[in-house]
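J.: Structure provided below as structure tokens; questions to follow.
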Amino acid sequence: MSNFWHTLKNNRTKIWVGAITLLLVLYLVVSLQRSLLLLGDPNPVAKGIGAAYLVLPVVGAWALIRELLFGARTEQMAKVLEAEGGLPVDNLPRTPGGRIVRSAADAEFEKYKAEAEAAPEDWRSWFRLSCAYDASGDRKRARASMRDAVKLFRDQSPAAGR
């Protein structure tokens, strides 16, 4: 039984992603059903609302697929880096509350920024820069850097799964 709990603990994020994905899919199905009901109504206003409401499941499904692929590719890149011994080591000092000390993260960031500038076509440098942005608290730039890493990874790896 302890093996079950160990597996559960190691896959906690995947379980949450699966649960949220399931809820979003349920919402998208209900939205699609409601939009089709409104489109079938003889009232032109209801038809207009149904047509507008039809956009929600389409956009939601697109966003869901895009984010799931992003997560899968990010995990794939992390596994490659781990196998190569190239993952950044999380050894930054932390506050008593568990947050990374910002000055230490900013100092470490410069190293990864210089690496990405020196090798702009290497997805590994962009992956590590994304981790440095995240440690420094800049989530927007971390995500943008990871998207750059994913694009380079897909372009450089035929087995990466386009």
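J.: From the mean inverse distance of alpha carbon pairs (Kirkwood) and the Cα radius of gyration, derive Rg over Rh for the stretch 100-147. Could you put the intermediate results ahead of the total?
T.: Numbers: Rg = 9.8 Å, Rh = 10.3 Å.
Expressed as Rg/Rh, it is 0.96.
J.: Could I ask something else about it? Over all Cα pairs of the stretch 22-83, how is the pair count split among 5 Å bins, expressed in % and running from 0 up to the last occupied bin?
T.: The distribution over the stretch 22-83 is 4, 18, 18, 15, 12, 10, 8, 6, 4, 3, 2, 1, 0, given as percents.
J.: To continue, here is another question. Given an 8 Å cut-off on Cα distances and at least 6 residues of separation, report the relative contact order of the chain as a percent.
T.: Values: 126 pairs, mean separation 22.4, N = 162.
Contact order relative to length: 14 percent.
J.: If you project the alpha carbons of the stretch 67-162 onto the principal axes, what extent comes out on each, in Å, largest first?
T.: For the stretch 67-162, the Cα extents along the three principal axes come out at 43, 29, 26 Å.
J.: Working out 0.36 nm times the residue gap between Leu37 and Glu121, then minus their Cα-Cα distance, what length gain in nm do you get to one decimal?
T.: Answer, rounded to one decimal: 25.2 nm.
J.: How many percent of the accessible area of the chain is carbon or sulfur, using a 1.4 Å probe?
T.: Summing carbon and sulfur atoms, their accessible area is 64 percent of the total for the chain.
J.: Hey, another quick one. For an R0 of 22 angstrom, estimate the FRET efficiency from the Cβ-Cβ distance between Val30 and Leu69 and round to the nearest 0.05.
T.: That gives a FRET efficiency of 0.35.
J.: Filter the cross-link list Lys47/Lys140; Lys14/Lys111; Lys113/Lys151; Lys14/Lys113 down to pairs whose alpha-carbon distance in this structure exceeds 28 Å.
T.: Values: Lys47/Lys140 39 Å; Lys14/Lys111 31 Å; Lys113/Lys151 18 Å; Lys14/Lys113 30 Å.
Flagged as over cut-off: Lys47/Lys140; Lys14/Lys111; Lys14/Lys113.
J.: Would you mind pulling out the separation of the Cα centroids of the stretch 50-86 and the stretch 112-162, in Å?
T.: 16
J.: Magnitude of the Cβ-charge dipole of the stretch 1-158, K/R +1 and D/E -1, about the Cα centre, nearest 20 debye?
T.: It works out to roughly 520 debye.
J.: Be a star and scan the stretch 87-108 for residues whose amide nitrogen sits under 16 Å from the point 7 Å along the Cα-to-Cβ vector of Arg139.
T.: Within reach of a label on Arg139, which here means backbone N under 16 Å from a point 7 Å along Cα→Cβ, the stretch 87-108 contributes 99-100.
J.: Is any helix in the chain, taking whole DSSP H runs, at least 30 angstrom long along its axis by alpha carbon and on average at least -0.5 on the Kyte-Doolittle scale, and which ones?
T.: 12-39, 44-84
The values are calculated or read from the model by the stated rules, or taken from the named source; none is laboratory data. All values derive from a computational prediction rather than experimental measurement. Don't worry about glycine lacking a Cβ; one is built from the backbone with ideal geometry, like all the others, and counts go over all protein chains shown. Areas reflect the complete protein model, heavy atoms only, side chains present, ligands, DNA and RNA absent. Shrake-Rupley method; radii C 1.70, N 1.55, O 1.52, S 1.80 Å.
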